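Remarks on the structure that follows.
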Amino acid sequence: MFCPRCGAENTPENKFCKSCGSTLGAGAAAAAPQAVPAQAAQWQAPQPPPPGVTAPPAAGLPQQPPPGMVAQVYQAYPGGPQQVYYVPAVAAHPHAQSGLLESLRSRIRMLSSTDALEGFSLKEMFKQVFKHHGVDVVEEYIMVGTSKTTPPLEQVETGWPNPWMFFRLLGILGIGFIALAFLFHFTMNEKAVPAILFLGAFAVPLSTLVLIFEMNTPRNVSMVMVGKLFIVGGLTGLATAMLAYMIPICGNIPGIVEESAKLLAVILVARGVRYKYELNGILFGATVGAGFACFETCGYGFDQILATLTQVIQAGNVAGGFPTAQGISAAVENMMANLVLRGVEAPLGHVAWTAIAAGAFWRVKGAKPASPAMLMDGRFLKAFAIPVLMHTTWDLSILIPTMPTILAAFVLPAVTGLITWYVLFGLVQQGLRQVKDEQVAHLQGTLANVEATLGLGTVRPPMRPAPVA
């Protein structure tokens, strides 16, 4: 007896099909014996119904699928029983809804030579942020990167890291900035202004740098190296960009000028062979980018003070040849507004852009000394084009002065920031895989050495019996 619904063979005493559970009637014996051989002779994988068309329902199922659902036919193997089930229309045709977004992601991954993110979750990644960490834990967490504090390769974590210290630093610097701002508001003591400028310019870029420092799971870069790159690399990148801007045409291409200047600073300061991991390159780039961002923001904040004081003096709001207290207060408030805006946007800009550029360069460099030929490698050039393009898009208001403020100050930074961090997380995942592959190779080499030492796997000749005296 054959089931009229799925074609499965059943014994005559069965009232229900053993495969699909359908009721077996009197005509079941003659209903499907020819269908099974036909299916076995020529089988094709079932295709989902085209949009707007409902698949024919099988016997015993509702004539119409539920709202928002479509019928799908499942067959485990050629000639096997078929089952009809309903799935959401979006699941049946995922590309109809997400084709454009997935196409954009694919193009970004192809340009950056990275894979789709696997096992990535922001909630899981930042689960340690609000947990308590004692002073001893903090000190041990920071003191890494020396010959005595770098963990051995087999102990390096290769899963997605769980950073938390960056949030603590952001909270400390942010609270200090707010406290000094209130102090200036109530006392009008101008001696608080440099500290406000310093904290406002450094708080977010430094915290973003610590976040990427925590992603360097090999833990082989010390705070001394980070400080050196931050100061020397940041100033070198800023000075190089300032010299380049003396050429008139360079003022219209800040993306190329500044990203090239920062990458050059990374290569000059950290060009040795000690740091071979792609994660190291990402950290070096983030460090130089953070230094560049901090010093640049200090300059923009100072510009706001000078511009406002100039307007105050031109308006005649002076007393004894100096701006009035109201004029000074207005200048400081404009400076703080600029610092807050640039602080909110800081994680989306220089820190992440230079991290991508240096990470792509380290992917080519590896354990070899840096050379100019590496800058011509296609893998690097394609990935380097991403921060250049994102930076250029961010600064479109330079080329289009009539651009609406909301578009220039909020929309473009948000869009370019999302793309930037998607690429950056792809590079971090690639760096984690590099460490994991090296762990596997190291383990295999260790096992081979042990086997060679113990003589495992070798064939020894049998011992001859001792001669009889």
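Lys and Arg at +1, Asp and Glu at -1: add these up for the other residues within a Cβ distance under 11 Å of A409 and post the number.
0
If each residue of separation counts as 0.36 nm, what is the full-extension length gain between F322 and R379 once their alpha-carbon separation is subtracted?
Stretched out fully, the F322 to R379 stretch lengthens by 14.8 nm.
What distance in nm lies between label points placed 7 Å from Cα along the C-beta direction at L122 and Q155?
3.4 nm
What's the carbon and sulfur percent of region 300-445's accessible surface, probe 1.4 angstrom, rounded to a whole number?
Carbon plus sulfur share of accessible area: 69 percent.
Would region 347-395 count as rounded, prolate or oblate if I go by the C-alpha gyration tensor, calling it rounded below 1.5 in a/c and otherwise prolate when a/b exceeds b/c, oblate otherwise?
The shape class here is prolate.
Please label the shape of region 210-260 as rounded, prolate or oblate, based on the square roots a ≥ b ≥ c of the eigenvalues of the alpha-carbon gyration tensor (a/c under 1.5 means rounded; beyond that, a/b larger than b/c means prolate, else oblate).
prolate
Round to the nearest 10 and report in Å² the accessible area of H442, as given by a 1.4 Å probe over the protein chains' heavy atoms.
So the heavy atoms of H442 present about 90 Å² to solvent.
For the pairs K148/K262; K382/K436; K191/K262; K123/K382; K262/K382; K131/K191, flag any whose C-alpha to C-alpha distance is greater than 27 Å.
Exceeds cut-off: K148/K262; K191/K262; K123/K382; K131/K191.
The values are calculated or read from the model by the stated rules, or taken from the named source; none is laboratory data. Fair warning: this is a prediction, and the values are worked out from it, not measured in the lab. Note that each Cβ is placed from the backbone with ideal geometry, even for glycine, and that neighbours are counted across all protein chains shown. Protein only, heavy atoms only, side chains kept; ligands, DNA and RNA dropped before computing areas. Shrake-Rupley method; radii C 1.70, N 1.55, O 1.52, S 1.80 Å.
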